[in-house]
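Participant: First the structure, which I've put down as structure tokens, then a few questions once you've had a look.
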């Protein structure tokens, strides 16, 4: 499972002490065209389980998670909520266009004091999607991490080379690496806000 392998790579790079400000680290894995990265953001009072409950609530991402224009769960006996869910997702990247894929999202338990959920790309299912409806992901895996007073988000992703022209390819690979820390911080802030509003409702 790609999510578990990614979790192992991320755990090796997390600081021993909880950070007092937003931190970001990135690295290349396997010569892929984009780096993997992890961001950590102090979030006093965060409830790890409630945060992960929001992460797994994929049918309510639209309007709550930035850039997500379509997100829906798909019934699949391999992935049974609340432990796991299969989903279709469409992301609208400003200026660059629409990216879509199918993912499997799993609760991964507690590791080194972090409550974790992770996802990986469902490759055959994504390959069957139409390139006319959006750029398909070539790989897409990530993690949500929630600890005492800190939340984390880690990601590795790239589009299918055949689905984009040269300029978009560079923007979605080299360009994406350059802006990764900002995107990760936005995702952390947004998910924490949503999880907090769910708690209050």
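Participant: Applying the selection to region 157-187, what residues are under 13 Å from the mean Cα position of the chain (by Cα) and either part of a strand (DSSP E or B) or surrounded by 19 or more Cβ atoms within 10 Å (Cβ to Cβ) (or both)?
Facilitator: Passing the criteria: 157, 158, 180, 184, 187.
Participant: Of the conditions (1) buried (at least 21 other Cβ atoms within 10 Å of the Cβ); (2) over 22 Å from residue 31 (Cβ atoms), residue 93 fails just one. Which one is it?
Facilitator: (1)
Participant: Still on this structure, I have one more. Yes or no: region 68-79 includes at least one residue that is assigned to a loop (DSSP other than H, G, I, E, B), under 23 Å from residue 179 (Cα atoms) and either touching a helix residue (DSSP H, G or I) at 6+ places or on another chain (Cβ under 8 Å) or modelled with pLDDT of 95 or more (or both).
Facilitator: No - not one qualifying residue is present in region 68-79.
Participant: So, one more: From the list 134, 147, 109, which residue is in contact with a strand residue (DSSP E or B) (Cβ under 6 Å, 6 or more places away or on another chain) and at positive phi?
Facilitator: Unique residue meeting the criteria: 134.
Residues checked against (1) without any contact (Cβ under 8 Å) to a residue 60 or more places away in the chain; (2) in a strand (DSSP E or B):
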position	(1), (2)
5	yes, no
16	yes, no
40	no, yes
49	no, no
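Participant: Within region 94-104, can one find any residue that is part of a loop (DSSP other than H, G, I, E, B) and touching a helix residue (DSSP H, G or I) at 6+ places or on another chain (Cβ under 7 Å)?
Facilitator: Here is the first cut: in region 94-104, the residues part of a loop (DSSP other than H, G, I, E, B) are 94-96.
Filter once more, keeping what is touching a helix residue (DSSP H, G or I) at 6+ places or on another chain (Cβ under 7 Å): 96.
There is at least one residue in region 94-104 that is part of a loop (DSSP other than H, G, I, E, B) and touching a helix residue (DSSP H, G or I) at 6+ places or on another chain (Cβ under 7 Å).
Participant: Which residue pairs have Cβ atoms under 7 Å apart, sit 6 or more places apart or on different chains, and have a first residue in region 72-97 that is in contact (Cβ under 8 Å) with a residue 24 or more places away in the chain and on the phi < 0 side of the Ramachandran plot and a second that is part of a loop (DSSP other than H, G, I, E, B) and surrounded by fewer than 18 Cβ atoms within 10 Å (Cβ to Cβ)?
Facilitator: 86/76; 91/67; 92/67; 93/67
The values are calculated or read from the model by the stated rules, or taken from the named source; none is laboratory data. Model, not experiment: these values are computed from the prediction. Because the Cβ atoms are built from the backbone with ideal geometry, glycine has one as well, and the counts that use them run over all protein chains shown.
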